[in-house]
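Read-outs throughout are calculated quantities, based only on the coordinates presented, and are distinct from any laboratory measurement. All of these numbers come straight from a predicted model, not from anything done at the bench. With ideal geometry, Cβ positions are generated from the backbone for all residues, glycine too; neighbour counts draw on all protein chains shown.
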Amino acid sequence: MLLIEARSFAERLPYHPHKLVLVFSAMRHFRDELREGGREVRYYQVETFEDGLTAYFEEYPHDDLTLMRPAGGGSERLQKLVADAGGHLNVVENDRFRCSQAQFDEWDADRDADGYRHEDFYRYMRRETGYLMDDGEPVGGEWNYDEDNRETPPAEWSPPEPPAFEPDETTREVGEWVTDRFDGGYDEAPYGGSWADPEPFRWPVTREQALDVLEDFCQNRLTDFGPYQDAMRRDAWAMSHSLLSTSLNLGLLHPSEVIERAIEAYERESAPLNSVEGFVRQVLGWREFMRHVYRREQDRLAGANQLDATEPLPDFFWTGETDMACLADVIDGVRRRGYSHHIERLMVLSNVATTFGVDPQVLNRWFHAAYVDAFHWVTTPNVVGMGTFASDVLSTKPYTATSNYVDRMSDYCGTCPYYKTKTTGENACPFNALYWDFLGRNEDRLRSNHRMGLVYSHWDDKDERERDAIRDRATAIRRAARKNEL
Ligand SMILES: Cc1cc2nc3c(=O)[nH]c(=O)nc-3n(C[C@H](O)[C@H](O)[C@H](O)COP(=O)(O)OP(=O)(O)OC[C@H]3O[C@@H](n4cnc5c(N)ncnc54)[C@H](O)[C@@H]3O)c2cc1C
Ligand code: SF4
C-alpha cells in the first residue's frame, strides 16, 4: 500500500495546528495498523504528491495503483500524475458514504423539482436504507421531530465532560514537527500559523479512539442531543454534540455503524426518538447530501457570490478580540480546539459575516483553515451554500437573524456590553442593525423570494428616518470592526 504525506498541502492555508496534527497523526497510525496487520506499506514523507509518486515508481516501475474516489470527486489530477510517473491509476467507488454516486444521481433524475432539497433526499434515504422505518412509514409517525429539538437547558444542566485522548508518542512527534515547521511560517496569510491558541490536542486519531467517542456519545450525550442541538452555553462548548465529524471525515468510522449504533440506543430505550432521529438526519441526510451537492456543483460553488459581498474578513475572526460576547466566546473556542458546533457556525459566525457583507469565498477559506473537520466537499457547500447564501444551489433563503435568535438560544446576551434590544445608537447589538441593513442592501435580490415576505413586511413598516439610522449604525459597526474596536 502506498501512503503519501504531501507536506506542501499543509502550507496552503494557515491551518489550525490541531487540524495538521489530526490528519498527519491519523495517517501515521493507520500506516502502523496496516503494517501490524501484515500489509506492506510504502510511506513517503515528501513535499508534494508528485515527489511521492516519483519515488514510488522508481521502486516499483509501471505498477498499477487503485484509489478510492476522493469524497468530492475529481481524481483526474492524480490519474495524470500517476501516468506521468509511469504507472496506471484505477479509481473505484468511495465506500465511506451511505449513498453512492449512482444512487444520488438516480434520485435526482427521478425528480422534477428545481434545485436540491434536503428534506426530499433525506426521506428517500430513510426509505432506501430502512433506518427508522416501520412498514414503509417513519417510526413514530413523523419524518422529523424538530419541534422537540429547539430547547435550551435549565441553568443547573451540565453535559458530561467530552472525551479527550492523551497524545501518544506518534501524535507528540507530529505535534513537535507541526510547531517547528508551521508556527508563524505563513508570510502571505494574516496572523501566520500563530493565530490559534491551542489547548492540548484531544481528537481521536485511531479507529479504536473514534469508537470510544461513538460509545461515549450514545451512552452519555445522545439523550440530550436532540432537545439542545441548537442551544449555546458559554460553559459547555460541546453541549451534547457527538464530536464525530473528524472521525467520519477521516474514515475512522463509517456512517452506517454510527447511525446503527444510535438507532440501537433508541431500540434499547436508552435514548428518545426525537434525539435519535435528529442525529440520523444529520448523518444520513445532511452529510451525504452536502457531499453529493458539492460533487455535482463544485464549479458553481467555487466562485459563487450572488449577493456581491466584497468586505474583507474582520480581524476578530482570527483574534477573537471583540466585545460581542457570543462572537468572542465562539471564536475563542475555535482558536483553542478548531471546533464549534453547528449553530455557532451558522447563526453566529456565518450570520455576522453574511450581514456584515464579507466575501463568501474569503469566509470559506477561514473555515477551511480554522476547523479540524474541514475538507472541501463538506466545508464549501456549508459555507457558500448554507451559511452565506452566496449560491442558491441548496438553500432557499439566507440564514440571518437578529440578536433575538442568539438570546433565545444562548446565555450570552445577559453578560454582553451590547444591548440586545437596541438596534441603533451607541452600544446597540451589532446583529440588529447589520440584519436590517442586509435586508435593505439586498432588497432587489431577496424581496421576490416568497420565504422572505414576512421579514420584508417588517422592513416596510420602518420609515426613512429609521432606515437611515440603521444604515448609519451598520456603517459605524463596519468602521469599528476595521479598527478592531467592535
Ligand atoms: C458554516 C458551516 C461550516 C461547516 N463546516 C463543516 C466542515 O468543515 N466539516 C464538517 O464536517 N461539517 C461542517 N459543518 C457541518 C456541521 O456544523 C458539523 O459537521 C458539526 O458541527 C460537527 O460537529 P459534531 O460532530 O459534534 O456534529 P453533531 O452536531 O453531533 O452532528 C452529527 C454529525 O452529523 C454530520 N453533520 C451535521 N450537520 C452537517 C452538515 N450541515 N453538513 C455535513 N455534515 C453534517 C457531521 O458528520 C456530524 O459529525 C459546517 C456547518 C456550517 C453551518
Ligand atoms: S447582545 Fe448581541 S453581541 Fe451581545 S451576546 Fe447578544 S447577540 Fe451577541
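The table for this structure:
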| item | result |
| --- | --- |
| Where a residue in the range 463-486 is assigned to a helix (DSSP H, G or I) and its partner, wherever it lies, is among the basic types (Lys, Arg) and surrounded by 14 or more Cβ atoms within 10 Å (Cβ to Cβ), with Cβ under 9 Å and at least six apart | ILE470/LYS462; ARG471/ARG441; ALA474/ARG441 |
| Pick from the range 381-405, criterion away from ligand 1 (no atom under 15 Å from the Cβ) and more than 17 Å from GLY115 (Cα to Cα), ranking: surrounded by the most Cβ atoms within 10 Å (Cβ to Cβ) | SER403 |
| Residue in the range 412-430 that is surrounded by 21 or more Cβ atoms within 10 Å (Cβ to Cβ) and either within 16 Å of ligand 1 (Cβ to nearest atom) or farther than 20 Å from LEU486 by Cα (or both) present | no |
| Candidate set from the range 339-366 (those that are in a helix (DSSP H, G or I) and of a type in the set (Ser, Thr, Tyr)); member that is nearest to ligand 1 (Cβ to nearest atom) | SER350 |
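Yes/no matrix, rows are residues, columns are (1) in a helix (DSSP H, G or I); (2) away from ligand 1 (no atom under 11 Å from the Cβ):
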residue: PHE165; (1), (2): no, yes
residue: VAL178; (1), (2): yes, yes
residue: GLN219; (1), (2): yes, yes
residue: ASP235; (1), (2): no, yes
residue: LEU253; (1), (2): no, no
residue: ILE259; (1), (2): yes, no
